[in-house]
1. Tally time: how many residues in the chain are in contact with a strand residue (DSSP E or B) (Cβ under 9 Å, 6 or more places away or on another chain), part of a loop (DSSP other than H, G, I, E, B) and in contact (Cβ under 8 Å) with a residue 12 or more places away in the chain?
2. Answer with yes or no whether residue 1 is over 12 Å from the mean Cα position of the chain (by Cα) and surrounded by 10 or more Cβ atoms within 10 Å (Cβ to Cβ).
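Where a number appears in this text, it was derived from the coordinates with a stated rule and is not lab data. Values in this document were obtained by computation on a predicted structure and should not be read as measured data. Because the Cβ atoms are built from the backbone with ideal geometry, glycine has one as well, and the counts that use them run over all protein chains shown.
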């Protein structure tokens, strides 16, 4: 099962994608931060 986690904010948003291959194993597929400029519109 693949799960996407998102931590939202106004200036930066964190994300992580993990894959649970079995009941006791987890693999990180990707993670990172999406940054926006303070002057960017929020709509």
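1. 3
2. no
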